[in-house]
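Asker: A single structure is presented below for examination.
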Amino acid sequence: MTRLRIAVQSKGRLSEGGMDLLKRCGLRFAYGRDKLHQRAENMPVDLMLVRDDDIPNFVASGACDYGIVGENVLREEQLAGGRTAELEIALRLGFATCRLKLAVPVEGEIRDLADLQGKAIATSYPGITRAYLATRGIDVEIVEMRGSVEVAPRLHIADAICDLVSSGATLQANGLKAIETVFESEAVLIRRKGVQAPETDSIARILMRRAEGVIASSQ
Ligand code: ATP
Ligand code: ZN
């Protein structure tokens, strides 16, 4: 029997919530978390545990049928072009909510969006950041960073940052304040657009129906 393949983040903010949701949908797994591949014992479903940034491409290429990923990562990968344009959101999952925000030093002369003209902005989301500012007529230099974006202004690597924020504590601890929300995100279930493979579509439908119930009951 063909098994449904779902990509989930191996460790990080989406992995616990993702695994938790799948378990509450009735899936049972035999092994611990440190495996690339997990086989559900009671349904024809396999999980691939990978880095979140790889999930859109894994689903777009057909290596996996579905993926659980932050909408921010989906959007960024789609702006980078390629096959991820063929992806769609099958279900909004309601966890891992966060905002991508532009933030500037508290003590400084940048106060609003217009002040960013010609400035350097550090971010892990160059596509989303550039697109947002471009539609507002603001041209910036993007400094791409993989992590610890919040230290960039202090190190004089950039004038401002565009980074994921949930509570705002990290910004505050680094002498930064948000001036604009660029993107609102939550975990989403993604798949390729169009007709799904009939062998796996029925199991996907069952899981999604259950997931809707789980999400509704936890809100
Ligand atoms: P990986 O090693 O898989 O690449 P990562 O460091 O990119 O991990 P996490 O920090 O675990 O990933 O974040 C995964 C996702 O969780 C983000 O892309 C975002 O959608 C969501 N998220 C929710 N709250 C936050 C937050 N406060 N900061 C960062 N991401 C958050
Ligand atoms: Zn990542």
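Asker: With angles folded into 0 to 90 degrees, how steeply does helix 198-217 sit against the dominant principal axis of the chain? Use alpha carbons for both and round to 10.
Answerer: Computed tilt is about 60 degrees.
Asker: Show me the ranking of peptides 58-66, 131-139 by mean Cβ neighbours inside 10 Å, starting with the highest.
Answerer: Those peptides, ordered most packed to least, come out 58-66, 131-139.
Asker: In the range 98-185, what percentage of the DSSP-assigned beta bridges are antiparallel, given to the nearest 5?
Answerer: The answer is about 65 percent antiparallel.
Asker: Sticking with this structure for a sec: Using the 10 angstrom Cβ neighbour count as an exposure proxy, how do I179, I89, I161, I128 rank, fewest first?
Answerer: Ordered by Cβ neighbours within 10 Å, fewest first: I89, I179, I128, I161.
Asker: Report, in degrees rounded to the nearest 10, the 0 to 90 angle that the Cα long axis of helix 15-24 makes with the longest principal axis of the chain.
Answerer: Its long axis makes an angle of about 30 degrees.
Asker: With +1 on each Lys and Arg Cβ and -1 on each Asp and Glu Cβ, how big is the dipole of the chain about its Cα centre, in debye rounded to the nearest 20?
Answerer: The dipole magnitude comes to about 860 debye.
Any read-out appearing in this document is the output of simple, stated calculations on the displayed coordinates, not a laboratory observation. This one's a predicted model, so the numbers in the text were calculated from it and none came from an experiment. Positions of Cβ are generated from backbone atoms using ideal geometry, with glycine treated the same way; all protein chains shown enter the neighbour counts.
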